[in-house]
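Chemist: Submitted below is the structure of interest, expressed as C-alpha cells.
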Amino acid sequence: MLKKATSGDLDIILDNWSELTLPYGDEGAVYANDLNEKIAQLKKSISEPNNYAYVFENEEGKTKALLSIIHALPKSDTPWLKLLDLDLHPDLVLGDFNINEAAEAVSFSIFDSIDLLFSDYTTAKELKIYGRTDNMIKTFDRIVKSKMLNEIFEKADILCTRSGKWLVFRKK
C-alpha cells in the first residue's frame, strides 16, 4: 500500500534502514550515505508544491520502498507524474541481489503510483520512472516483458513501455 510520508516518517526510515546497512561493509556504507542525502533532500522538497514522498508498505506494514514523486507541468496541456526516485529496502538491494523480491516491491510500488493517475488531485496522463541503476533497468525490462503484468495494465487501460532509461505508464 502506498501512503504519503511525512518528515517524521522519513526520519524513522533513515534510522531503521541505516542500521540494516551495517553488516554490508563498504556497500552498506555507500547505501547509507546515499540514503541520508536523499532523505535530507526529500524532506526539503516535500515542503514545496507538487513534490511528494510516498512509502510502499507490504501486507505486514513493513516499508519496502521509498518514492519521490513530482507533479510536472500541472497547469500545462501535458501534465505528468515523475517518479524521481524509488529506493528499495536495504535487504532487497544489498548483498545478493534478489531480483524476484525487488521486482515485486517495484511492481507494487508502481501499481500504487499508477493509481495516482486516476486520483482527483492530478490531471496527469502519464507516470514516468527513471532507472538510475543497471539492476533497476533489469527490473524495468522484467516488468515490460511480463505477460501477466501487461494483461493487468491492459485491463486498467494503461500502456507500459520503456523508453531509454525511462519506464512509462500512459493512460489510454
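Chemist: From the phi of every residue in the range 123-133, what ³J(HN,Hα) in whole Hz does the Karplus formula 6.51 cos²θ - 1.76 cosθ + 1.60 yield, where θ is phi - 60° and glycine or proline is x?
Modeler: 9, 4, 10, 9, 10, 10, 10, 9, x, 8, 10
Chemist: May I pose another question? Just check the range 115-172 against the gyration tensor rule for me: Cα atoms, a ≥ b ≥ c as the square roots of the eigenvalues, rounded for a/c under 1.5, and otherwise prolate or oblate depending on whether a/b exceeds b/c.
Modeler: Verdict is oblate for the range 115-172.
Chemist: Here's a follow-up. For the chain, modelled as a GNM with alpha-carbon contacts under 10 angstrom, which of 90, 23, 74 fluctuates the most?
Modeler: Its mean-square fluctuation being the largest, the pick is 23.
Chemist: Once you keep just the Cα pairs under 8 angstrom separated by 6 or more residues, what percentage relative contact order results for the range 24-172?
Modeler: Across the range 24-172, relative contact order equals 17 percent.
Chemist: Taking only protein heavy atoms and a 1.4 Å probe, what accessible area per residue, in Å², does the range 57-172 have with all protein chains in place?
Modeler: Computed with neighbouring chains in place, this is 54 Å² per residue.
Chemist: Additional query: What are the extents of the Cα atoms of the range 1-70 along their three principal axes, in Å, largest first?
Modeler: 38, 28, 17
Chemist: Tabulate in residue order the Karplus-calculated ³J(HN,Hα) for the range 33-46, using 6.51 cos²θ - 1.76 cosθ + 1.60 with θ = phi - 60°, rounded to whole Hz; enter x for Gly and Pro.
Modeler: Running phi through 6.51 cos²θ - 1.76 cosθ + 1.60 with θ = phi - 60° gives 5, 4, 4, 4, 5, 5, 5, 4, 5, 5, 4, 6, 6, 5 Hz.
Chemist: Also, I was wondering about something else. Under 5 Å between amide H atoms, partner at least 5 residues away or on a different chain: which partners does residue 5 have, H built in plane at 1.01 Å?
Modeler: For residue 5, the qualifying residues are 53, 54, 55.
Chemist: Moving on to the next point. So how much slack lies between residue 130 and residue 15, counting 0.36 nm per residue of separation and subtracting their Cα-Cα distance, in nm?
Modeler: The span from residue 130 to residue 15 would gain 38.8 nm if fully extended.
Chemist: Classify the chain as rounded, prolate or oblate, taking a ≥ b ≥ c as the square roots of the eigenvalues of its Cα gyration tensor: rounded when a/c is under 1.5, otherwise prolate if a/b is larger than b/c and oblate if not.
Modeler: oblate
Chemist: If Lys and Arg each add +1 and Asp and Glu each add -1, what is the summed charge of the other residues whose beta carbon sits under 12 Å from the beta carbon of residue 127?
Modeler: +2
Chemist: Moving to a separate point now. Using 7 Å Cα-to-Cβ label points, what is the residue 171/residue 123 separation (nm, one decimal)?
Modeler: So the label points at residue 171 and residue 123 sit 1.1 nm apart.
Chemist: Would you mind putting 75-85, 108-118 in packing order, based on average other-beta-carbon counts within 10 Å, highest first?
Modeler: Going by the mean number of other Cβ atoms within 10 Å, highest first, we get 108-118, 75-85.
Chemist: Let me ask you something else. Would you kindly give the portion of the calculated P(r) for the range 58-106 that falls above 13 Å, as a percent of all Cα pairs?
Modeler: 65
Chemist: Taking Cα atoms, how many degrees apart are the long axis of helix 134-145 and the longest axis of the chain, rounded to 10 and kept between 0 and 90?
Modeler: 40
The values are calculated or read from the model by the stated rules, or taken from the named source; none is laboratory data. As the structure is a prediction and not an experimental result, all values here were calculated from the model. Please note: Cβ atoms are built from the backbone with ideal geometry, for glycine as well, and neighbour counts cover all protein chains shown. Heads up: the accessible areas ignore ligands, DNA and RNA and are worked out on the full protein's heavy atoms, side chains in. Shrake-Rupley method; radii C 1.70, N 1.55, O 1.52, S 1.80 Å.
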